[in-house]
Structure formats: structure tokens, C-alpha cells
Amino acid sequence: MVREGILGGRKGLNFDEGSVLLKGGQHNENTTLFLQSALNSAGTGRNILTKHMARDTFSVKSEVSLWITTYPPKGIKEHVLDKGIFQRVLTYWRHWTLDMKRDVNHELAQSVHNKPDFEVSFDQVSDFFSELKNKLRDRVLNLSGLSHLEWTDMNDDDKETTVMSVMDRMFKIDASYVTCFDFGHRRILYAGRTNGS
């Protein structure tokens, strides 16, 4: 029986202290290779993870999205140029001051014996992404001329083919789109809005 790992299927994953992925060693090299495949674009056929075992070979299609947080890793330019993983990543730089770090430490200390009061509930987050998923599906149906019933009856591969056929018409970049590459300050930024109308 084959059981998919965490990089299999459709999901969003949060990974904290992502700089450990950039350390040397055979294990991390293998992890980087798997992440490179896992983060390849869906619909290209290059997002297939293959693991060769002694008796068999397993293949899993990855459709994960990763949210990786870390302090600025050392040698990021070399990893961008040599390793390739950052070529598959939208990197957002946030300046983190000592005051911000102090505030977080105070919040953590206060929450030891107090249940944290979340401003955004789990249901709100879940509802947001469910609504977004439905809007994106409806846009695909509108562009492809398919009905909800036809979409429901399609298998995952056919759905992926349909989405790939209309992807260039899904969004339009507006005038606020800005790109900035600044390896000297370890910053890569892709910013702007997409217009789905």
C-alpha cells in the first residue's frame, strides 16, 4: 500500500525556519531536489515526485503551496544562481526591527498561561479560501464555456488541462506591478495586483 507524503496532493503547508533547507549535506541536497520538483508549475508534468526504492518506484503529483518563513539566509545569491529553489519562489522581504522582536517575545510570554485571542478565526480563513476557490473555478468555467455539471464530471487531469488552456486569460497585470531584484541586500520582490475581470 502506497501512502502519499506531505508533498503529495493539493494543500498549503507552512514551514518555519526555512533556512535549514539551505544547509549543506546529502539529506538537505535531496530535500532541495524534491522541493524543486514539488514547486514546479502544475499542468507542466514537471511537478511529479519520483522515489526509487529497492523493489519499486513511486510517483506522486505535487500540487502544494508552501509558505516558508526564515531570517535572511546567508549566501542567498549563490542559492538563487546555483541551487535553483528560489527560482520557483516568490520572496517577500520584511524588515524586522528589535522593537518588533521585543513585542513578539512579550506576546509569547503573556500567552504561556493565557489562551491567545485570535483576531481572525479559523472559520474566517477557511471561508476566505473556499470563496476564492469558487471564484477561480467560476472564472475557468466562464472562459472555457463549461457548465458546473461538466466540470464536476471531469477527472483531475482533464480539469488541469482545462485550466492550463485558459491560464493566460485568467488575470491581467495592472499598472501597479513592480519588479525589484537586489541581491546585494538579499531582496527579491514581485509586487502588484492581478485583475481577474
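Things worth noting here:
- Under the condition of being without any contact (Cβ under 8 Å) to a residue 24 or more places away in the chain, outside any loop (DSSP other than H, G, I, E, B) and closer than 14 Å to G5 by Cβ, the residues counted in the range 19-62 number 6.
- Among the conditions (1) loosely packed, with under 14 Cβ neighbours inside 10 Å; (2) at pLDDT below 80, the only one that F86 does not satisfy is (1).
- Every listed requirement among (1) surrounded by 10 or more Cβ atoms within 10 Å (Cβ to Cβ); (2) not polar (S, T, N, Q); (3) not in a loop (DSSP other than H, G, I, E, B) is met by L149 save one, (1).
- Any hit, the range 98-117, residues being in contact (Cβ under 8 Å) with a residue 24 or more places away in the chain and of a type outside the set (A, V, I, L, M, F, W, C): no
The values are calculated or read from the model by the stated rules, or taken from the named source; none is laboratory data. Quick caveat: nothing in here was measured; it's all calculated off a predicted structure. Backbone-built Cβ (ideal geometry, glycine too); neighbour counts: all protein chains shown.
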